[in-house]
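**Student:** To start, I am sharing the structure in question, which I have written as structure tokens.
The values are calculated or read from the model by the stated rules, or taken from the named source; none is laboratory data. In this text, all values refer to a predicted model and were calculated from it rather than measured experimentally. Virtual Cβ from ideal backbone geometry, glycine too; neighbours counted across all protein chains shown. Surface areas here come from the heavy atoms of the whole protein model, side chains and all, with no ligands, DNA or RNA. Shrake-Rupley method; radii C 1.70, N 1.55, O 1.52, S 1.80 Å.
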Amino acid sequence: MTGACGQIGSELVLALRERCGNEHVIAAGHKTKPSEDLLNSGPFESIDCADSNTIGEVVRKHKVNTIYHLAAMLSAVAEANPQQAWDVNMNGLYNVLEVAREYDCAVFTPSSIGAFGPTTPQDSTPQDTIQRPTTIYGVTKVAGELLCDYYYRKFGVDTRGVRWPGIISHVTPPGGGTTDYAVEIYYEAIRQCRYTCFLKAGTYLDMMYMPDALKAAIDIMEADANRLKHRNAFNVTAMSFAPENIANEIKEHIPGFVMDYDVDPVRQAIADSWPNCMDDSAAREEWGWGPQYNLASMTQDMLEKLSQKLQ
Ligand code: AKB
């Protein structure tokens, strides 16, 4: 797994190790220091996705048959450095796909709600619809979806993926996304009983709790290929909410919690160009997708787990 030290990778490695055996899941990171859990539970390798040789060496050494490619830059940091975002998100994916072609590996690559843009229908966003994103992150996500489809059709590489919404977790914080407020808010609610939100009220976005995100990544790779009409960009969602909805849910547990707003125009513009809520019926029909957490159950669990952690 590339990007194994990131927000999702750090938890997906552990979930896969539990499922497949510790020695069978190779965590690969680049610049971020791996956690003790990651290092102590199984093999760790350093991979620079800009260099296909380092990917190929690890694949050969460990006889890898499936690559989870999670190394990527998120939307807000990508917008601050579009050239680097193209390099990391596109050239990294291209190198992984080439190695997968050579060594006959299956590939999971996440796309995102960021693959949509302002001309996409914003409510019940269909699986197959207009994709004209206005961010470099979105451009790399659409191009990545198409490139993965191409490698499947042209070379028979078993590429699969989902369009993840904002992912919320109490383990590793996200870095540089537009949906990060929905993680920060829980930390600040516990630490300070208040939070200043960088998106404005009424900004609805799709979101998902980490256990469901992990389940989506595992289930799509284990799905019966004969049932898949789509492959690389399944809409998946668990809930859609605006900042005031999550604040109200937190107030159910922390009555004194206060939220105000200091809108970041860059991240607001990105959020405004993304769907309010996606239609994920294709994933439900083709591989039985279904989330377990909603806003209420996620909030209860987040506050419980984070309170223990921050103590
Ligand atoms: C981001 O905000 O950039 C990510 C995403 C929705 O892809 N969390």
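**Student:** Give me the number: length gained by fully extending Lys63 to Thr129, i.e. 0.36 nm times residue separation minus the C-alpha to C-alpha distance, one decimal in nm.
**Tutor:** Full-extension gain reported as 19.9 nm.
**Student:** Further question on the same structure: Calculate the FRET efficiency for Asn40 and Asp260 from the Cβ-Cβ distance with a Förster distance of 51 Å, rounded to the nearest 0.05.
**Tutor:** With a Förster radius of 51 Å, E is 0.80.
**Student:** Would you calculate a helix-derived [θ] at 222 nm for the chain, using -39,500 (n - 2.57) for each DSSP H run of n ≥ 4 and dividing by the full residue count, to the nearest 500?
**Tutor:** Using -39500 (n - 2.57) per qualifying helix, the result is -13000 deg cm²/dmol.
**Student:** Related question: Using modelled backbone amide H atoms (1.01 Å from N, in-plane), which distant-in-sequence or interchain residues come within less than 5 Å of Val258's amide H?
**Tutor:** Arg194, Tyr195
**Student:** Hey, another quick one. Taking amide H positions as placed in the peptide plane 1.01 Å from N, state which residues far from Tyr68 in sequence (5 or more) or on other chains have amide H under 5 Å from it.
**Tutor:** The list, which skips near neighbours in sequence, is Thr2, Phe108.
**Student:** Report, to the nearest whole %, how much of the accessible area of the stretch 195-311 belongs to carbon and sulfur atoms, 1.4 Å probe, protein only.
**Tutor:** 46
**Student:** Restricting to the chain, what percent of DSSP beta bridges are antiparallel, rounded to 5?
**Tutor:** Working: 3 of 25 bridges.
Expressed as a percentage, antiparallel bridges in the chain total about 10.
**Student:** Would you mind getting the accessible area per residue of the chain, heavy atoms of the protein chains only, 1.4 Å probe, in Å²?
**Tutor:** On the way: 13560 Å² over 311 residues.
For the chain, the per-residue accessible area is 44 Å².
**Student:** For the peptides 4-15, 180-191, 97-108, 116-127, what is the packing order when you average, over each peptide's residues, the other Cβ atoms within 10 Å and list the highest mean first?
**Tutor:** 4-15, 180-191, 97-108, 116-127
**Student:** Estimate the FRET efficiency between Arg191 and Glu252 by the formula 1/(1 + (r/R0)^6), using the beta-carbon distance for r and 22 Å for R0, to the nearest 0.05.
**Tutor:** 0.75
**Student:** Hey, with R₀ at 51 Å, roughly what FRET efficiency would Leu310 and Asp87 work out to, going by the Cβ-Cβ distance, to 0.05?
**Tutor:** Working from the Cβ atoms, E equals 0.90.
**Student:** Residue farthest toward the positive end of the dipole of the stretch 156-265, with Cβ of Lys/Arg at +1 and Asp/Glu at -1: which of Trp164, Met210, Asn235?
**Tutor:** Asn235
**Student:** Then there is this: Per residue of the stretch 127-135, in order, report the coupling 6.51 cos²θ - 1.76 cosθ + 1.60 (Karplus, θ = phi - 60°) as ³J(HN,Hα) in whole Hz, putting x for Gly and Pro.
**Tutor:** 4, 10, 7, 5, 10, 10, x, 10, 10
**Student:** Taking springs between alpha-carbon atoms closer than 10 angstrom, which of Leu205, Leu146, Leu70 fluctuates most in the Gaussian network model of the chain?
**Tutor:** Maximum among the listed residues: Leu146.
**Student:** Something else about it: Within the chain, which DSSP H helices have Cα atoms that stretch 24 Å or more along the helix axis and a mean Kyte-Doolittle hydropathy of at least 1.6?
**Tutor:** Counting only whole DSSP H runs, no helix qualifies.
**Student:** I would also like to ask the following. Using a Gaussian network model on the chain with a 10 Å cutoff between Cα atoms, which of Arg227, Arg132, Arg163 fluctuates the most?
**Tutor:** Arg227
**Student:** Relative contact order for the chain using alpha-carbon pairs under 8 Å, separation at least 6, rounded to a whole percent?
**Tutor:** 18
**Student:** Can you list residues from other chains, or at least 5 along the same chain, whose modelled amide H is less than 5 Å from the amide H of Phe241?
**Tutor:** Close amide H contacts, sequence-distant or interchain: Leu205, Met207.
**Student:** Just need the relative contact order of the stretch 158-311 here, percent rounded to a whole number, with Cα pairs under 8 Å and 6+ apart.
**Tutor:** 35
**Student:** Continuing with the same structure: Taking a virtual spin label 7 Å from the Cα of Tyr103 along the C-beta vector, which residues in the stretch 61-87 bring their backbone nitrogen under 18 Å of it?
**Tutor:** The answer is 61-71, whose backbone nitrogens lie closer than 18 Å to the label point.
**Student:** Along Cα→Cβ, 7 Å out, is where each label goes; now give me the distance between the ones at Lys229 and Leu146 in nm to one decimal.
**Tutor:** Computed distance between label sites Lys229 and Leu146 equals 2.3 nm.
**Student:** Would you mind telling me the share, in percent, of accessible area of the stretch 136-183 contributed by carbon and sulfur at probe 1.4 angstrom? Let's see the in-between values first.
**Tutor:** Numbers: 890 of 1550 Å².
Carbon-and-sulfur percentage of accessible area, whole number: 58.
**Student:** Here is a follow-up. Based on DSSP, what percent of beta bridges with both residues in the stretch 152-274 are antiparallel, to the nearest 5?
**Tutor:** On the way: 3 of 12 bridges.
So the antiparallel bridges amount to about 25 percent of the total.
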